[in-house]
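K.L.:
Encoded as structure tokens, here's the structure I'll be asking about.
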Amino acid sequence: MGKRSRKQIATEHDKNKQKDESDEIVLAPVISSDEPPLKQAKWTNKERVLVFSSRGISHRARHLMIDLRTMMPHSKAESKMDRKDQLFVINEICEMKNCNKCIFFEAKKKMDLYMWVSNCPRGPSAKFLVENVHTMSELKMTGNCLKGSRPLLSFDKEFDEHPHWQLLKELFTQIFGTPNHHPKSQPFFDHVFTFSISDNRIWFRNYQILEEDGSLAEIGPRFVLNPIRVFEGSFGGPTLYLNPGYVSPNEHRRLIRKQVAKKYIHRVEAKKSLEDRKPEYTYPSDITDDVFVTIRPDK
């Protein structure tokens, strides 16, 4: 086999070069790092809820407050407020925290828990007495949901029958509804908040959505809100609604003590009546019964 000439080698090299150029992948002139980043969906609903309490609340109320913060990714925390401070100070605290809604737990006598729900700073606001509190850690229910997921809000049909219930429904919708595309929220629904009206009280429940057919499992917490007043302003102002059937805890405890005192008074009166009706002699005596009684001399 003879040697190839330089001309033949150059021709084969040109053919291979053309073949490599035909198989070459042409990249776009703009690389991915120069492309503008994908824009995040618009977060238009800027609701922020400040959840905090006054000093002197019980451990059960503190756990309830922590549960509400856990369920609401758009909530913010704040240190406890001194009981000597006026409630109007809360509007300034919300302004400093950049919050336009507020849930404030107020403790009285270390046994009564009140909850304020307000639209800061212009109002309206509502004051409730919190009853029958059961927290998540206490209930140990089988339900569970992902932290930060958005809830569905379910309201009783009675909320549409009276003006004060309609106002509270709108207030609860703005406070407990997680804004769409919130940075701390998850973009799906896996639990539902239910607000039911019974005995002129609002019953709150939290359920997990198990299946698409509507089967539910309770998560917790659960509590009952007894409405006291609805104010036009934030934490004060003219009264829009006053609950006529509300009985304060102090009055309730006074009635219980009065009933116990009545039992004691009835018992004393019955004993006195028995003494008055008791005769001096149980049966009539005969004067001749002592005729044959012998008096013996003392020894």
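K.L.:
How about segment 92-164: which trypsin sites (Lys or Arg not before Pro) there are in a DSSP loop, with at most 11 other Cβ atoms within 10 Å of their Cβ?
P.N.:
LYS109, LYS110, LYS140, LYS147
K.L.:
Could you tell me which of the pairs LYS46/LYS169; LYS110/LYS263; LYS42/LYS184; LYS110/LYS169; LYS76/LYS184 are separated by over 23 angstrom between their Cα atoms in the structure shown?
P.N.:
Cα-Cα > 23 Å for LYS110/LYS263; LYS110/LYS169; rest within.
K.L.:
Among ARG253, ARG69, ARG229, which one moves the most in a GNM of the chain with springs linking Cα atoms closer than 10 Å?
P.N.:
Evaluated over the chain, the most mobile residue of the options is ARG253.
K.L.:
Not counting the cut sites, what is the longest span of the chain without GluC sites (Glu not before Pro) that DSSP labels loop and that have at most 15 other Cβ atoms within 10 Å?
P.N.:
The reported range is 25-160.
K.L.:
Quick one: net charge of SER248's neighbours, Cβ under 13 Å, K/R +1, D/E -1?
P.N.:
After counting each charged neighbour, the total is +3.
K.L.:
Quote the FRET efficiency, to the nearest 0.05, computed for TYR246 versus TRP43 with a Förster distance R0 of 51 Å and r equal to the Cβ-Cβ distance.
P.N.:
0.80
K.L.:
OK, next. Pick out, in residue order, every one of the chymotrypsin sites (Phe, Trp or Tyr not before Pro) in segment 208-299 that is DSSP loop and has at most 12 other C-beta atoms within 10 Å; say none if there are none.
P.N.:
Those satisfying the criteria are TYR281, PHE292.
K.L.:
So I have (i) 0.96; (ii) 1.52; (iii) 0.98, and one of them is Rg/Rh (Cα atoms, Kirkwood Rh) calculated from this model. Which one is it?
P.N.:
After the calculation, the listed value that fits is (ii).
K.L.:
Excluding ligands, DNA and RNA, what is the solvent-accessible area per residue of segment 161-216 at a probe of 1.4 Å, expressed in Å²?
P.N.:
54 Å²
The values are calculated or read from the model by the stated rules, or taken from the named source; none is laboratory data. What you see is a predicted model; the values in this text were computed from it and never measured. Positions of Cβ are backbone-derived with ideal geometry, glycine not excepted, and every protein chain shown enters the neighbour counts. The protein model used for the area step is the full one, side chains on, heavy atoms only, and it has no ligands, DNA or RNA in it. Shrake-Rupley method; radii C 1.70, N 1.55, O 1.52, S 1.80 Å.
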